[in-house]
1. Every residue in the range 1-21 that is of a type in the set (A, V, I, L, M), surrounded by 10 or more Cβ atoms within 10 Å (Cβ to Cβ) and part of a loop (DSSP other than H, G, I, E, B), please.
2. If we scan the range 46-65, do we find a residue that is exposed (fewer than 10 other Cβ atoms within 10 Å of the Cβ), outside any helix (DSSP H, G or I), on the phi > 0 side of the Ramachandran plot and not hydrophobic (A, V, I, L, M, F, W, C)?
3. Quick one: residue 39 ticks every box in (1) open to solvent by less than 100 Å² (accessible area, probe 1.4 Å); (2) within 15 Å of residue 11 (Cα to Cα); (3) assigned to a loop (DSSP other than H, G, I, E, B) except a single one, so which number is it?
4. Take the residues of the range 22-35 that are part of a helix (DSSP H, G or I), open to solvent by less than 90 Å² (accessible area, probe 1.4 Å) and in contact (Cβ under 8 Å) with a residue 12 or more places away in the chain: which is farthest from residue 1 (Cα to Cα)?
Amino acid sequence: MLSTEQINDLYRLYWSERWPKRKIERHLRVGWRTIKKYLDMPAQTPAQRPRVSKLDAFKTTIIELLENSTP
């Protein structure tokens, strides 16, 4: 398994600098199957944390105000 730094280098060399897979293979010292595997996978996205709304503490008050203000 490649480290995050190696994966980033792989994407940068292949997509930005347009290196051929063989040259990347020699530069990173990994096999062509590994390079193919990581290029075929979608890029990693940042992990999403569940967020709590700042208004959750006031939710009941907001609902009461809305119910009282509508005719």
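The values are calculated or read from the model by the stated rules, or taken from the named source; none is laboratory data. Computed from a predicted model, the values in this text were never measured in an experiment. Methodologically, a virtual Cβ is constructed for each residue, glycine included, from the backbone with ideal geometry; neighbour enumeration extends over all protein chains shown. Ligands, DNA and RNA are stripped out before the accessible areas are found, and what is left, the full protein with its side chains, is counted by its heavy atoms. Shrake-Rupley method; radii C 1.70, N 1.55, O 1.52, S 1.80 Å.
1. Restricting attention to the range 1-21, the residues satisfying the condition of being of a type in the set (A, V, I, L, M) are 1-2, 7, 10, 13.
Retained after the next criterion (residues that are surrounded by 10 or more Cβ atoms within 10 Å (Cβ to Cβ)): 2, 7, 10, 13.
Residue satisfying the conditions is 2 alone.
2. No, that holds for no residue.
3. In the conditions (1) open to solvent by less than 100 Å² (accessible area, probe 1.4 Å); (2) within 15 Å of residue 11 (Cα to Cα); (3) assigned to a loop (DSSP other than H, G, I, E, B), residue 39 misses (3) alone.
4. Ranking the candidates gives 24 first.
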